[in-house]
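S.K.: Handing you this structure, nothing more for now.
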Amino acid sequence: MSFHLSDFVCGDVDPELQTALKDIEAFPAHLTHCMLSGPPRSGKTSILLLYAYKAAIRGQQVVLLCHRDKMEQTYPTLPQGVHKASPVWQRVHLRYLSTSQEVQKYAACLHLAPTPPNIIIVDDVSEFMLSRPTDKRSREAELIKTLALLHEATASLHRYHACTCCVQSI
């Protein structure tokens with residue numbers, strides 16, 4: 001499984017742009033990680049939800065790790081025409097977590113899941129770091145540890161079936 005730019009774009013864009021995106025070669029299949037970055041309120045979460053939905057249409061199991069407080073404040077908009085009761089959307093499993101330790105525990109236990117996901121999406125990984133260390137260096141170390149555990153979890157699952165990880169950050 002590989003990433004392709006058209007997976008992150010809604011189908012109702014300019015046909016020329018859609019064609020141009022499909023003409024761009026997909027990222028090599030051996031690349032199993034993706035980081036999406038951009039300024040606040042630029043639509044990163046909505047892009048990830050669209051990516052999750054498109055993967056679910058292809059029959060893939062998706063886990064979306066979200067920060068509990070952020071989701072309680074503002075629930076992101078689902079792709080146009082998609083209702084949360086949609087059978088396709090049922091393949092997207094949302095996990096509400098609050099701390100980097102919860103993300104790390106989830107990653108460390110992922111191999112125990114009865115049906116491992118094909119795609120792991122972490123929405124706003126930096127948000128999980130705010131609950132822990134107060135100094136910048138400690139937060140960076142916590143972020144590195146979290147990303148390393150996500151990488152190891154994905155690599156471990158990838159040995160048995162295709163699994164990718166997509167992380168969104170500010």
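S.K.: Going through segment 16-45 one residue at a time, which ones are touching a Ser or Thr at 6+ places or on another chain (Cβ under 9 Å), of a type in the set (Ser, Thr, Tyr), at pLDDT 75 or above and closer than 28 Å to Ser86 by Cα?
M.R.: Thr45
S.K.: Separate question: Among the residues of segment 32-45, what is the count of those that are open to solvent by 60 Å² or more (accessible area, probe 1.4 Å) and of a type in the set (Lys, Arg)?
M.R.: 1
S.K.: Can you spot a residue in segment 156-163 that is closer than 19 Å to Tyr51 by Cβ and part of a helix (DSSP H, G or I)? Spell out the reasoning first.
M.R.: Kept after step one, since they are closer than 19 Å to Tyr51 by Cβ, are these residues of segment 156-163: 157-158, 161-163.
From the residues that got through so far, the ones that are part of a helix (DSSP H, G or I) too are 157-158.
Yes, segment 156-163 contains at least one residue that is closer than 19 Å to Tyr51 by Cβ and part of a helix (DSSP H, G or I).
S.K.: Which condition does Leu48 not pass, out of (1) of a type in the set (A, V, I, L, M, F, W, C); (2) open to solvent by less than 40 Å² (accessible area, probe 1.4 Å); (3) at pLDDT below 80, if it passes all the others?
M.R.: So the condition that Leu48 fails would be (3).
S.K.: Next up: So which of Ser86, Ser126 ends up being over 24 Å from Leu143 (Cβ atoms), surrounded by 13 or more Cβ atoms within 10 Å (Cβ to Cβ) and not basic (Lys, Arg)? Write out each step before concluding.
M.R.: Numbers: Ser126 fails: over 24 Å from Leu143 (Cβ atoms).
When all the criteria are applied, what remains is Ser86.
S.K.: Please go through segment 140-160 and give me each residue that is open to solvent by 50 Å² or more (accessible area, probe 1.4 Å) and over 14 Å from Gln104 (Cβ atoms), ordered by number.
M.R.: Hits for segment 140-160 are Glu140, His158, Arg159, Tyr160.
The values are calculated or read from the model by the stated rules, or taken from the named source; none is laboratory data. Note that the coordinates shown come from a computational prediction; the quantities given were computed from them, not determined experimentally. Neighbour counts are summed over all protein chains in view; Cβ atoms, including those assigned to glycine, are modelled from backbone coordinates with ideal geometry. The area values use the complete protein model at the heavy-atom level, side chains included, leaving out ligands, DNA and RNA. Shrake-Rupley method; radii C 1.70, N 1.55, O 1.52, S 1.80 Å.
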